[in-house]
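What follows is a set of notes on a single structure, which appears directly below.
Every read-out reported here was derived from the displayed coordinates using simple, explicitly stated rules and does not represent laboratory data. This structure is a prediction, so every number in the text was calculated from the model and none was measured. All Cβ positions, even for glycine, are placed from backbone atoms using ideal geometry, and neighbour counts span all protein chains on display.
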Amino acid sequence: MPLLEVKELRTYFYTEAGIVRAVDGFSFAIEPEQTLGIVGESGCGKSLTALSILGLVSRPGKIVSGEILYNRQGKIIDLSKLNPKGKQMRSIRGNEIAMIFQEPMTSMDPVYTIGDQIMETLILHQHLDKKQARKRAIEMLREVKIPLPEQRANEYPHQLSGGMRQRAMIAMALSCNPSLVIADEPTTALDVTIQAQVLDLMIDLKAEFRSAIILITHDLGVVAEIANEVVVMYVGKGVEKSTVSNVFHSPKHPYTQGLMDSIPSITAPSGLRPIEGVVPDALNLPPGCRFEPRCPRAMKTCKTDAPLLKEVAPNHWVSCWLYE
Amino acid sequence: MPTESMLLEVKNLKKYYPIQKGLLRRVVAYVKAVDGIDLSLREGEVLSLVGESGCGKTTAGRTILRLTEPTEGEIILYVYRKEANGAEGYQKINVNAASPKLMKSLRRDMQIIYQDPNSSLNGRMKVGSIVGEPLYIHGVSKAKEREEQVRDLLVAVGMRPDHMKRYPHEFSGGQRQRIAIARALTLKPRLIIADEPVSGLDVSVRAQVLQLLMDLQDKFRLSYLFITHDLAVVRNISHRVAVMYLGKIVELAPAEELFNHPRHPYTEALMSAVPVPNPDYRTKRILLPGDVPSPVNPPLGCRFHPRCRYVKEVCKTEVPAQRELGGGHLVSCHFADELHLEMRFRRIA
C-alpha cells in the first residue's frame, strides 16, 4: 500500500490576468522507504505539488480538486481536505511529513539559533522537555556530520556556511523521524563539491532513517544518483513515470527524450542538442498535448486532444499519442 | 576553431579588495579575490574559466575588462586599428594602462554577457533601444541605419524584428538572454566574456542558448572567455579550460586533455563531484573535507593543501610553481608527475 497517493491533483492560481493551471491533473504514488524523483523545468508545477501536499498553498492559489491520500499507520487521510491551519494538518506537517527547502537562508529564522530551531520542532511534535530536546538536537547535528555540534547549536544561521546550513536543515527535517521527507531542490544552491558532500549524506541518512523521500529537482544527475522511481512533469502534468533505469535508458515521451538529449554530458563530449521552442504561456495553454508545439513527432491528434497517462510497458507510464 | 593569432594575454593579474576598519578606515587586510593569474586567448578560441563560488572567476572576468580596476598585472589586447595616416594592422594595447578615452574605444572590441538578464537589461527601455544603445554611444550610425542594424542583430540571435518595440519583461528568461547577447554583439566585438550566461536558464533552454553562442562564434569570429561552474557544459564547448581555486589558476589544459587526464587533485575532486545523469554510472566521489578557506588569509604553501588527500609536508610551506607538462598542459602542484589521477566515471552495471 502506498504511503502517499496523489490523485488528479489540480492546484490553480486565480490571477487578474486569468486562471493559471499550475498543477493540472497530476497523479503519482510513493511507497514507504522509496525515493521518488519529480523532475521538470521551472514553472512545471513540481514545487507547487509539494506545497499542496503540505497544505502550504497560499492565495491566490488554491487546490481545486483531486485527492492527496496519506497513509497514517493504516488510516487513510485526504490531506487536500484538511484545514491547512487545523490541528490534524499541523500534527502531520513537520512531524510525519517534513520538508527540506532549496535555500536554508530564507527558510530558517535568522534570529533563532540552529539549536533552538530544531528544538522547537521536537518540543512541539515530540513533547520533549527543553533539556531532552536540546540533547536530541545536538544528536541530530552530529548525525548530519556537523563538526562540534554542541557549539554549532548555539550559532545563528548566518554563521554557518551554505553546506552546513543545508545540513542543519536536513537535521531539522529528520529530527521527528518523519515517514516522508519532501526535498525541494536540496542541493541546487550549493557548489558542486559541497553538493557532493550533501548528496552522500542524504544517501547515508536514507539508509539509516528509512524515510520515504520525494526529491524535487531539475538536475537529472542528482535524480540518477538517489532516486528509485521518477516522474517527469511538463506544464502541470506528469508525462512519464517509471523506474530510474527505464526513464534514463529508454525514455518514451518525446519531452523526456529531448530533456535527456539536451543535457551536455560530462563523461564524453556529446555536443549540444536543444529542445526547440519555449514552454507555453501558462494563461494560454495549447488545447491538446501541452508539448505538441515543441514536439518533433507531433501528429494531428496531438493538436486537439490531450493524451492520458497510460501504462505502455510494465510499470512504465507515458502520456503520449505515439503509444496508443 | 582557434587561429594562430593572439587576442588577449593576461599576466600576473591581481585584484585585492581592502578591508577597512575603525574611524580612520584603516586598511587591516585584503581579500585576495584574484591573486596572480596568467592566461591567454587566441582568436576564435573558447577558454573556460571554471571554479566554485568565491574562487575569483567573476572578478577575473570583470578585471580583464577593467569593469573593476586591477590591483596589479598586465592585460594585453591585440586589436586591429586603422590610423589616420592610413597605416593599419594589429596593435598591442595595454588595457591596464589605457586612458579613459582609449578605454572607451576598446569597449568596442570587448564585451560582457552577464548571468541574469533580469538585472542586466534595463526594464524601462524597449528592446530596440537596449540593443541599439551601444551604436548611439559610440556614434557608429544614425538613427535610421541603427534600426536596420538592430533588426539584423535580433534576427541573428533568433528573435523577431518586431520584438524591438517590446520591453524585456514581455520575454522569457531564454529570450531575455538572447537580447543581452544581441546587445553584446552590437559593436562587433572580438572578445566576449560570458559570465555564467546559461546558469539561470532551464535545462532545455540552456542548450538552445549555448548552441546560439556557438553559432554566433562561428559567424562573427568571436573569442569567448566563458566563466562557469558547470563542468558538463565546459566539456562540450571549450577548446581549453582553466581551473581556478581561491584566486589562482591551478590547472590549465586543452579541454579533452583536462577531462581525460586531470593533473591537479582539485580538478580531480571537482570532476568527481558532478552527478552523472545516468543511473548506471557511479562517480567514485572524492569528498573534499570542509569548506573553501577565506581569501583573506589563504593557507600558506599550496592553497589547496588543507583539503588535498595527497598532501605532503612540502605542500604546507612551499607554493607550487606553475609547470608545463607537455601539450600545453599547465599545472601548479608539487606532485603532478607522481600522482596518477584519473577521470573517475565508472560504469557500475
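Taking Cα atoms only, the orientation of helix A:114-126 departs from the longest principal axis of chain A by about 80 degrees. When every Cα-Cα distance of chain A is counted in 10 angstrom steps from zero, the calculated P(r) takes the values 6, 25, 33, 24, 10, 2, 0 percent. Give the separation of the Cα centroids, region B:318-335 to region A:53-70, in Å. For region B:318-335 versus region A:53-70, the Cα centre distance is 57 Å. FRET efficiency for A:Tyr323 and A:Lys62, Cβ-Cβ distance as r, R0 = 30 Å, nearest 0.05? After rounding to 0.05, the efficiency reads 0.35.
With a Förster radius of 35 Å applied to the beta-carbon distance between A:Thr243 and B:Arg160, the computed FRET efficiency rounds to 0.25.
Return the FRET efficiency for the residue pair B:Glu133, A:Lys130: r is the Cβ-Cβ distance, R0 is 56 Å, and the value is rounded to the nearest 0.05. Please report the intermediate quantities before stating the final value.
Working: r = 61 Å, r/R0 = 1.10.
FRET efficiency, B:Glu133 to A:Lys130: 0.35.
Let me know the shape class of region B:1-120, please: from the alpha-carbon gyration tensor, a ≥ b ≥ c as square roots of the eigenvalues, rounded when a/c is under 1.5, otherwise prolate if a/b is greater than b/c, or oblate.
Values: a/c = 2.07, a/b = 1.61, b/c = 1.28.
Prolate, since a/c reaches 1.5 and a/b exceeds b/c.
In percent, rounded to a whole number, the relative contact order of region A:4-227 is 24, using alpha-carbon pairs under 8 Å and six or more apart.
Each stretch of four or more DSSP H residues adds -39500 (n - 2.57); spread over every residue of chain A, this sum gives -9500 deg cm²/dmol at 222 nm.
Peptide B:234-241 is shielded by partner chain Cβ atoms: per residue, an average of 3 of them sit within 10 Å of its Cβ.
Region B:91-112 and region B:210-282 have Cα centres spaced 28 Å apart.
Axis angle, to the nearest 10 degrees, between helix B:173-185 and the longest C-alpha principal axis of chain B: 70 degrees.
When the convex hull of the Cα atoms of region A:23-123 is projected onto a plane and the area is averaged over all directions, what value comes out in nm²? Don't jump to the answer; show the numbers that get you there.
Details: hull surface 32.1 nm².
Here the figure is 8.0 nm², rounded to one decimal.
Each Lys or Arg adds one and each Asp or Glu takes one away; over the other residues whose Cβ falls under 13 Å from the Cβ of B:Leu325, this sums to -3.
For region B:166-260, the spherically averaged projection of the C-alpha convex hull amounts to 7.2 nm². Of all beta bridges that DSSP places with both ends in region A:4-227, some 60 percent have antiparallel geometry. Taking the Cα of A:Gln88, stepping 7 Å toward and past its beta carbon, and measuring to each backbone N in region A:40-68: which are under 15 Å? A:54-55, A:67-68, by backbone N distance to the label point. Dividing the summed -39500 (n - 2.57) terms of all DSSP H runs of n ≥ 4 by the residue count of chain B sets its mean residue ellipticity at 222 nm at -8500 deg cm²/dmol. A simple packing score, the average count of other Cβ atoms within 10 Å per residue, orders the peptides A:167-175, B:136-144, B:260-268, A:287-295 as A:167-175, B:260-268, A:287-295, B:136-144, with the highest score first. Packing, as the average of other Cβ atoms within 10 Å across residues, places the peptides A:81-93, A:214-226, B:217-229 in the order A:214-226, B:217-229, A:81-93, highest first. Per the Debye formula on identical point scatterers at the alpha carbon atoms of region A:122-186, with no solvent, log10 I(q)/I(0) at q = 0.21, 0.26, 0.29 Å⁻¹ is -0.89, -1.22, -1.34.
Which whole number gives the average count of other chain Cβ atoms within 10 Å of the Cβ atoms across peptide A:193-202?
Average neighbour count from other chains, rounded to a whole number: 5.
With the Cα gyration tensor of the protein assembly as shown giving a ≥ b ≥ c as the square roots of its eigenvalues, does the rule (a/c under 1.5 for rounded; else a/b larger than b/c for prolate; else oblate) give rounded, prolate or oblate? Because a/c hits 1.5 or more and a/b fails to exceed b/c, the protein assembly as shown counts as oblate. List the pairs from A:Lys131/B:Lys21; B:Lys14/B:Lys92; A:Lys87/A:Lys130; A:Lys237/A:Lys300; B:Lys57/B:Lys188 whose alpha-carbon separation is above 29 Å, in the order I gave them. The pairs that break the limit, which is 29 Å between Cα atoms, are A:Lys131/B:Lys21.
In terms of its C-alpha gyration tensor, region B:103-249 has a prolate overall shape, because the principal axis ratio a/c (a ≥ b ≥ c, square roots of the eigenvalues) is not below 1.5 and a/b outweighs b/c.
Over the whole of B:263-275, what's the average partner chain Cβ count within 10 Å per residue? Rounded to a whole number, please.
Details: counts 0, 0, 0, 1, 0, 0, 3, 4, 3, 3, 9, 7, 14.
Per residue, the number of nearby Cβ atoms from other chains is 3 on average.
Full-extension gain between B:Lys219 and B:Ser40, please, as 0.36 nm times their residue separation minus the C-alpha to C-alpha distance. Don't skip to the end; give the middle numbers.
On the way: separation 179, 0.36 × 179 = 64.44 nm, distance 2.20 nm.
Stretched out fully, the B:Lys219 to B:Ser40 stretch lengthens by 62.2 nm.
Modelled spin-label separation between B:His340 and B:Tyr90, with each label point placed 7 Å from Cα along the Cα-to-Cβ direction: 4.2 nm.
Close amide H pairs (under 5 Å, H built 1.01 Å from N) link B:Thr71 with B:Lys14, B:Lys15, B:Tyr16, residues at least 5 positions away or on another chain.
With a simple spin-label model that places each label point 7 Å from the Cα along the Cα-to-Cβ direction, the separation between A:Lys206 and A:Ser107 comes to 1.7 nm.
Over all orientations, region A:139-251 has a Cα convex hull whose mean projected area works out to 7.9 square nanometres.
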